[in-house]
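Reviewing the structure listed below.
The values are calculated or read from the model by the stated rules, or taken from the named source; none is laboratory data. These numbers come from a predicted model, not from an experiment. Here the Cβ is made from the backbone with ideal geometry for all residues, glycine too, and neighbour counts use every protein chain on show. Heavy atoms of the whole protein, side chains included, go into the accessibility calculation; ligands, DNA and RNA do not. Shrake-Rupley method; radii C 1.70, N 1.55, O 1.52, S 1.80 Å.
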Amino acid sequence: MNGSVQQLLRPSFAECLQREGVCLRRDSIHTVQINLGRLCNQSCHHCHIDAGPQRTEIMSRETMMLAIEFVRCTGAGTVDITGGAPEMNPNFRWLVQEMTSDQRHVIVRSNLTVLLEERNEDLPQFLAKQQVEIIASLPCYTEENVDKQRGASTFMRSLEALRKLNALGYGQNNSALTLTLVYNPDGPALPPAQEQLESDYKRILGEQYGITFNRLLTITNSPTGRFASGLKKKNEYASYCLLLEKAFNPATLHKVMCKDQISISWDGFLYDCDFNQALGCALGNGRPFRLGELSVGEIAAKLLDHEITVGPQCFACTAGTGSSCQGTLQL
């Protein structure tokens, strides 16, 4: 049987759900993830939204105000701020202060090196004062692998930023300041077991560099954006997608992040997740939901018990032990 016929016979993600008797619907809105733009000081090979220094997409203050209103209307307890490098948005600090003043749990997803950029010298102190959880990308504990994926000198600069955070109490025992690191594979492979890899990270970073942190998340690369482009150049895209499909684990379906999370793009559109956002699969039946075009109350009411928009990208979240913005779905 040739490859094209085999591809036609492979079940879609929707068909996998149907086979398992599962209809993915949003149970609640626990987390609102806000993407502040695609501007970034790095151009990582694995980036699913093609973020980089030349990108101009930035969330405006007006859209942030609508996002804040949406968070308050839904009652979401966690606000997950991402990018690009969200710290490069000129209204980043204002958003963080607005959300922490509501006593919400605020997460900032950082690439670490942005904390060393000019005018960001006091940013670690600001984040500590606001009691923000930092989820920081460090895709390996070796210099060679990190620099290969994220650019020359990234590893040593990341360690410098981590030492600054450690000095403020981040990642330290008996501290309320949580520092989480994120691992993602360098190439077309599933991540290893999260618990074992966390143990390796803590041992090596501690012994060799004096770095401490609270936990490690492993995240499967989504075959979108710059990562997908790289796979296609190496003729590895089809084999990687097949790997994800073959590793489909129905036991992960009841824990996928889209069941209690909403993603807001830099221009105010609503998505089931950040990966759907990268692909432009906006929420809404025929007409995408956008903040400001309907009242936040009307939008929030439509999102509960709303069927999740699925596609091939969903196989990355349900392969093996599963993957989400909070790491593996099954330990």
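Less than 9 Å Cβ to Cβ from residue 52, Lys/Arg counted +1 and Asp/Glu -1: what total charge do the surrounding residues give?
Result for the local shell: +2.
I want the local charge near residue 137. Using Cβ-Cβ distances under 12 Å, sum +1 for each Lys or Arg and -1 for each Asp or Glu among the other residues. Walk me through the intermediate numbers first.
Working: positive: 109, 150; negative: none.
Here the count lands on +2.
When the expected Rg is taken as 2.2 N^0.38 Å, what fraction or multiple of it is the alpha-carbon Rg of segment 247-316?
1.13
Of the residues 243, 270, 283, which exhibits the maximal mean-square fluctuation in a Gaussian network model of the chain defined by a 10 Å Cα contact cut-off?
243
Considering only the chain, what is the antiparallel percent among its DSSP beta bridges, to the nearest 5?
The antiparallel fraction comes to roughly 25 percent.
Please go through the residue pairs 129/202; 255/302; 148/246; 164/233; 164/234; 148/202 and name each one whose alpha carbons sit more than 30 Å apart in this structure. Don't skip to the answer; put the middle values down first.
Numbers: 129/202 25 Å; 255/302 21 Å; 148/246 28 Å; 164/233 38 Å; 164/234 38 Å; 148/202 21 Å.
Pairs exceeding the cut-off: 164/233; 164/234.
May I ask for the net charge around residue 241, where only other residues with Cβ less than 13 Å from the Cβ of residue 241 are counted and Lys, Arg are +1 while Asp, Glu are -1?
Result for the neighbourhood of residue 241: +1.
Could you check which residue among 62, 118, 198 shows the biggest mean-square fluctuation in a GNM of the chain with a 10 Å Cα cutoff?
Of 62, 118, 198, the most mobile in the Gaussian network model is 118.
Which distance in nm do the two modelled labels at residue 142 and residue 126 give, with both placed 7 Å along the Cα-to-Cβ direction?
Result: 3.7 nm between the two label points.
Under a 1.4 angstrom probe, counting protein chains only, how are 61, 38 ranked by accessible area, largest first?
Putting 61, 38 in descending order of accessible area: 61, 38.
With every protein chain kept in place and ligands, DNA and RNA left out, what is the accessible area per residue of segment 171-231? Probe 1.4 Å, answer in Å².
Dividing the accessible area of segment 171-231 by its residue count gives 42 Å².
Once you keep just the Cα pairs under 8 angstrom separated by 6 or more residues, what percentage relative contact order results for the chain?
Value for the chain: 23 percent.
Can you send over the carbon and sulfur percentage of the accessible area for segment 90-209, probe radius 1.4 Å, protein chains only?
Taking all protein chains in place, segment 90-209 shows 43 percent carbon and sulfur surface.
Can you tell me which of 310, 182, 79 moves the most in a GNM of the chain? Springs connect C-alpha atoms under 10 Å apart.
Taking springs between Cα atoms under 10 Å, the residue moving most is 310.
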